[in-house]
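All of the numbers you see were taken from the coordinates with simple rules; none came from a lab. The model shown is predicted, which means the values in this text are computed figures rather than measured ones. Please note: Cβ atoms are built from the backbone with ideal geometry, for glycine as well, and neighbour counts cover all protein chains shown.
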Amino acid sequence: MERDLYAAELFLKGYNCAQAVAMAFCDLTGLEKAYCARLVSSFGGGMGRMREVCGAVSGMLLVAGLLYGYDDADDGTKKKEHYARVQELAGQFREQVGSIVCREILKNPPSDPNPTPRTAAFYQQRPCARMVMLATKILETYISQHPIQNI
């Protein structure tokens, strides 16, 4: 199955946007799916339904950090390179969607902590599955053009 379709499938099974994107790359990150789901669980709904950065973007950037990030706090060059990568990936998403902010993408939905029931109406109204697929495609394209550095 194509990675973007797999990510959408995970979202449609009830995982949040960030989890769906990050879990779709477990084969590359080496993370166990259950661990990955817990690791990224805070970022759904734009960070715990606060509607900040889109969870799909957060999941994409978490994976980018695992595959390309730096771990030497004193290495300014690698830090700069990685921040440029983050801006590039987020910029591609923003260019195609118009924003990386959940509340803007969803047109100001509620920001309370109560998860929205996953009904047929929910899936028809929300563009989240498409956002998950887009973030996955953006990162997959990036990976195909840049050798993985940290695994």
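Which value at 222 nm does the chain reach when only helices count, each DSSP H run of 4 or more adding -39,500 (n - 2.57), with the total divided by all residues and rounded to the nearest 500 deg cm²/dmol? Kindly include the intermediate steps, with their values, before the conclusion.
Numbers: 10 runs with 97 residues, N = 151.
That comes out to -18500 deg cm²/dmol.
Place a label point 7 angstrom from the Cα of residue 1 along the Cα-to-Cβ direction, then list the residues of the stretch 116-151 whose backbone nitrogen is under 17 Å away.
Once the point is set 7 Å along Cα→Cβ of residue 1, 129-137 turn out to lie under 17 Å by backbone N, inside the stretch 116-151.
Going 7 Å from the Cα of residue 79 toward and past its Cβ, which residues in the stretch 122-150 have a backbone nitrogen under 20 Å from where you end up?
Of the residues in the stretch 122-150, 150 have backbone N under 20 Å from the label point off residue 79.
For a label point 7 angstrom out from the Cα of residue 114 toward its Cβ, which stretches of the stretch 43-67 have the backbone nitrogen within less than 17 Å?
Counting only backbone N, you get 49-51.
Dipole size in debye (nearest 20) for the chain around its Cα centre, Lys and Arg Cβ +1, Asp and Glu Cβ -1? Before the final figure, lay out each step's value.
Details: 17 positive and 16 negative charges, 124 e Å.
In total the dipole reaches around 600 debye.
Can you compute the modelled spin-label distance between residue 27 and residue 96, with each label point 7 Å from Cα toward Cβ, in nm?
Those two pseudo-labels are separated by 1.9 nm.
Projected onto the charge dipole of the chain (+1 at Lys/Arg Cβ, -1 at Asp/Glu Cβ, origin at the Cα centre), which of 22, 149, 45 gives the Cα projection farthest towards the positive end?
Farthest along the dipole direction, towards plus: 45.
Could you work out how much longer the chain between residue 9 and residue 71 gets when fully extended? Use 0.36 nm per residue separation minus the Cα distance between them, nm to one decimal. Intermediate values should be presented prior to the final figure.
Working: separation 62, 0.36 × 62 = 22.32 nm, distance 3.23 nm.
This chain segment gains 19.1 nm when fully extended.
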